[in-house]
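Let me begin by presenting the structure, written as C-alpha cells, before commenting on it.
The values are calculated or read from the model by the stated rules, or taken from the named source; none is laboratory data. Owing to the predicted nature of the structure, the values given are computational and were not obtained by experimental measurement. Cβ atoms come from the backbone with ideal geometry, glycine included; neighbour counts cover every protein chain shown.
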Amino acid sequence: MFSPGLDLDHLLEKAEREEKLSPAELLFLLELEKPEQLNRLFERACTLRNRYFGKKVFLYSFIYFSTYCRNDCTFCYYRRSNSHPRRYRKTETEVLEAARSMAGSGVHLVDLTMGEDPYYFQRHGFEPLVDLVKKSRKRPLFR
C-alpha cells in the first residue's frame, strides 16, 4: 500500500496533539497491514485511551422502548413488514425504571432506542421524546 504524502509518524504525532485527521489520513490508517505499523498505531491508541480513560471499563446498554416502525429496512428485525416480532411501546414509567435499574447495576451509558414509530412522529411530535430523554438524564438516575 502506498499513499503519497502520508506518513505514519506524522499522523501519530498529529493524533497525539489531538489534531483532526482528514478522511484520507483516516483511510491510510485503516488500510495499514504491516505488523510493525499496526503495532505502532495500536500502542499510540492505547496511550491516548489511557490518557483520557485509564484502565476503566465503561458499560453500555440500550432500552428498546418501541418496536413499531414506519420504515421497511431489510436488515432490521423490527421493519414494518416483519410480522414476527411482538410489538410494544413502553410507558415513560417503564423506560425510567429500566434506566434506573441499569444505572444501579453499573451501566454508564443507556441508549434509548426505537424505530420511527408513527405514534410519535405523526400523532404526538417530538416533545414527549425530548421530555423522556431529559427525565432519563436527571439525577439520581445516573451519577
Considering each residue of segment 31-76, count those that are of a type in the set (Phe, Trp, Tyr) and on the phi > 0 side of the Ramachandran plot, and give that number. 0
Any idea which of (1) surrounded by fewer than 14 Cβ atoms within 10 Å (Cβ to Cβ); (2) not in a helix (DSSP H, G or I) is the one residue 47 doesn't satisfy? (2)
Filter result (in a loop (DSSP other than H, G, I, E, B) and more than 18 Å from residue 68 (Cβ to Cβ)) within segment 81-130: 105, 106, 107, 108
In segment 50-68, the residues that are within 30 Å of residue 87 (Cα to Cα) and in a loop (DSSP other than H, G, I, E, B): 59, 67, 68
From the list 64, 78, which residue is over 18 Å from residue 134 (Cα atoms) and assigned by TED's automatic domain parsing to the domain that holds residue 132? 78
Kindly indicate the residue of segment 72-109 that is without any contact (Cβ under 8 Å) to a residue 40 or more places away in the chain and among the hydrophobic types (A, V, I, L, M, F, W, C) and also surrounded by the most Cβ atoms within 10 Å (Cβ to Cβ) among those meeting that condition. 98
Restrict the check to segment 10-24 and report whether at least one residue is assigned to a loop (DSSP other than H, G, I, E, B) and within 22 Å of residue 120 (Cα to Cα). no
